[in-house]
1. Could you tell me the number of lysine pairs in segment 30-134 with C-alpha atoms less than 30 Å from each other, where the two lysines are 8 or more residues apart or belong to different chains?
2. What residues from segment 25-62 fall in the zone where the backbone N is under 12 Å from a label point 7 Å along the Cα-to-C-beta line of M2?
3. What whole-number value in cubic angstrom gives the convex hull volume per residue for the C-alpha atoms of the chain?
4. Please give the helix 51-61 orientation as an angle from the longest Cα principal axis of the chain, in degrees from 0 to 90, rounded to the nearest 10.
5. To the nearest 20 Debye, how big is the dipole of segment 3-133 about its Cα centre, given +1 on the beta carbon of each Lys and Arg and -1 on that of each Asp and Glu?
6. Could you give the nm distance between label points at N15 and I48, where each point is 7 Å from its Cα heading toward the beta carbon?
7. When only C-alpha pairs under 8 Å and at least 6 residues apart count, what is the relative contact order of the chain, in percent?
Amino acid sequence: MMILADTSVWIDYLNGHESSQTNILDKALMDGLVSIGDLIFLEVLQGIKSEQEYNKTRTALATLERYEMFGHKMVEKCAENFRFLRKKGITIRKTNDVIIATFCIENNLPLLFSDRDFNPFVDYLGLISVSAKT
């Protein structure tokens, strides 16, 4: 089954920081099981300073199966998920995380993440955590 890795995991992976998440990503890449969303692709690329590293990373990530994560059909689903969590006293800090989590929920796509803002999506909305499966 394909997985999606969140930006924070990609950043750690590309910077050579080893963690359980980067180890999972490395194995999934070797197995050909990693996809990337356009929003994550954007977040990773915009953080790269060196032109050479930018081109190398862009070329490598462009080989992955890619998803368009946000469109008019996702707007209301994202808003509903954000509002649902807020009513439980949980405020997600970044809209991008709401989009990524909701996309994964709607498409039954497991997410590899290290950002704690995804935990409420796992706990209350059915987001599948790759880390929890290993």
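Nothing in this text is a laboratory measurement; each read-out follows from the coordinates by a stated rule. Worth saying up front: this structure is predicted, and the values here are computed from it rather than measured. Counting neighbours? That spans all protein chains shown, and the Cβs are built from the backbone with ideal geometry, glycine included.
1. Total qualifying Lys-Lys pairs in segment 30-134 comes to 13.
2. 33-38
3. 105
4. So the inclination is approximately 60 degrees.
5. 420
6. 1.6
7. Contact order relative to length: 30 percent.
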